[in-house]
Amino acid sequence: MKKLESYLTGIVVDGKRDIARNISYYEDPICGIYGIGSFAQSALDGDAWKKRRVACVLAQLRIRGLTQPVLILSRRPETTPADMAAWSYYSVDELVQLWPDTPVELLEESLMNLSFQITHPSELVRVSPQDCWRVYSHDSASAGYVLDQLCDLGFLKYVDADPSTSYSTRRFSIQAKGWDKLTKMRSAAGSARNQAFVAMWFSEEMADFFEQGIRPAIEHDGTKCVRIDMQEHNNKICDEIIAEIRRSRYVIADFTGNRGGVYFEAGFAYGLSLPVIWTVHSDHLAHVHFDTRQYNHIVYSTPEELRVRLKNRIKATVI
């Protein structure tokens, strides 16, 4: 590792360049650990606004708990190298699609990002100039606008400048109206959707686990079970995956086989604040990447065990 200027944020960080793969890697405090291919850089060069959007979206994913390193390519590959299986793969277009659709949604998602910084309602949210990415901004002026609007809406209340760090760091409290908005946002994210997306290894040896375990556990309450290889569509497969996850109430991510696509789909759902239920066959638990092993996986051996435990987990954490 050596000191490099992060491609997305311009911050000087630890990084390296992989000439053989044409990928640059950065340990960015804003975006997390990420790599970006030369073709993806070419797609962003000269488009400062799109570049800022990608940086803000990576900041959002990191804030909301995505601990996996992210690899940005011009398009997501069909297969991934074995030594890169634990990375979340995104194309530039997939990341841009995670940007809030409207100004109102931008304000609401900014509030959501700020809420992830604290563990108790009484705590203060600290926002420094370097935190502008967390409110979908690229400088202190644009961040100040977002924060002022959140105060005007009654979601935040400005407390003071933080003398313990810098007077440019502002402290806010999330007001009751803000917490009410956050509760409604989380509730609305699931109540209007009646499907669950399944990310898993599409292999013959997993057929019984899907048909006798995952599908009946999802469908017992009338929820539609969506697996992308069983959907009829005329779109690019990556676009269809994103669309179906956005339509879903929650995601089942099964890591049996340690497929790179499952890491991507789980990370994408997590970035949207959708519930993700993690499952893996007992024979494959040792292969789950250490960055995601911290999550409470349902470890199973038989389709029946998977069906019962998954049904109970859905009832306890989603319904």
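A few points about this structure:
- In the stretch 251-266, the qualifying residues are those that are at pLDDT below 90 and not in a helix (DSSP H, G or I), and the one that is most open to solvent (accessible area, probe 1.4 Å) is Arg259.
- Taken as a whole, the stretch 275-295 holds no residue that is within 19 Å of Gln97 (Cβ to Cβ) and aromatic (Phe, Trp, Tyr).
- Search result, residues across the stretch 52-64 that are basic (Lys, Arg) and either open to solvent by less than 20 Å² (accessible area, probe 1.4 Å) or at pLDDT 85 or above (or both): Arg52, Arg53, Arg64
- Residue in the stretch 128-139 that is over 19 Å from Gly65 (Cβ atoms) and touching a Lys or Arg at 6+ places or on another chain (Cβ under 7 Å) present: yes
- Selected residue (only one of Lys181, Lys177 is farther than 30 Å from Ala253 by Cα, modelled with pLDDT of 85 or more and of a type in the set (Lys, Arg)): Lys177
- Taking the criterion of being more than 28 Å from Arg247 (Cα to Cα) and more than 24 Å from the chain's Cα centre (by Cα), the residues of the stretch 285-303 that qualify are Ser301, Thr302.
- Listed by first and then second residue, the pairs with beta-carbon distance under 6 Å, at least 6 apart or on different chains, first residue in the stretch 1-30 and farther than 21 Å from Leu61 by Cα, second open to solvent by 20 Å² or more (accessible area, probe 1.4 Å) and outside any strand (DSSP E or B), are Lys16/Met1; Asn22/Ser38.
- Options Lys224, Lys236; residue that is at pLDDT 85 or above, within 28 Å of Asp93 (Cα to Cα) and surrounded by fewer than 15 Cβ atoms within 10 Å (Cβ to Cβ): Lys224
- Among (1) within 19 Å of Gln68 (Cβ to Cβ); (2) touching a strand residue (DSSP E or B) at 6+ places or on another chain (Cβ under 6 Å); (3) not in a strand (DSSP E or B); (4) not hydroxyl-bearing (Ser, Thr, Tyr), the one test that Ile218 misses: (1)
- Within the stretch 33-51, being within 22 Å of Val276 (Cβ to Cβ) and open to solvent by less than 10 Å² (accessible area, probe 1.4 Å) holds for one residue alone: Tyr34.
- Filter pass, Ala207 being assigned to a helix (DSSP H, G or I) and open to solvent by less than 60 Å² (accessible area, probe 1.4 Å): yes
- Conditions (1) over 25 Å from the mean Cα position of the chain (by Cα); (2) at pLDDT below 90; (3) open to solvent by 20 Å² or more (accessible area, probe 1.4 Å); (4) not acidic (Asp, Glu); number of the one not met by Ala189: (1)
- When the stretch 267-282 is filtered for residues that are in contact with a Leu (Cβ under 9 Å, 6 or more places away or on another chain) and either open to solvent by 10 Å² or more (accessible area, probe 1.4 Å) or in a helix (DSSP H, G or I) (or both), the ones remaining, listed by number, are Gly267, Phe268, Tyr270, Gly271, Leu272, His281.
- The stretch 9-23: number of residues that are of a type outside the set (Val, Ile, Thr) and open to solvent by less than 10 Å² (accessible area, probe 1.4 Å): 1
- Filtered residues of the stretch 296-319 (kept if open to solvent by 40 Å² or more (accessible area, probe 1.4 Å) and in a loop (DSSP other than H, G, I, E, B)): Asn296, Ser301, Thr302, Ile319
- Residues in the stretch 194-209 that are free of Cβ contacts under 8 Å to residues at least 40 places away in the same chain and closer than 17 Å to Glu265 by Cα: Phe202 alone.
The values are calculated or read from the model by the stated rules, or taken from the named source; none is laboratory data. Everything numeric here is computed off the predicted structure, so don't read it as measured data. Positions of Cβ are backbone-derived with ideal geometry, glycine not excepted, and every protein chain shown enters the neighbour counts. For accessibility, only protein heavy atoms count, side chains too; no ligands or nucleic acids. Shrake-Rupley method; radii C 1.70, N 1.55, O 1.52, S 1.80 Å.
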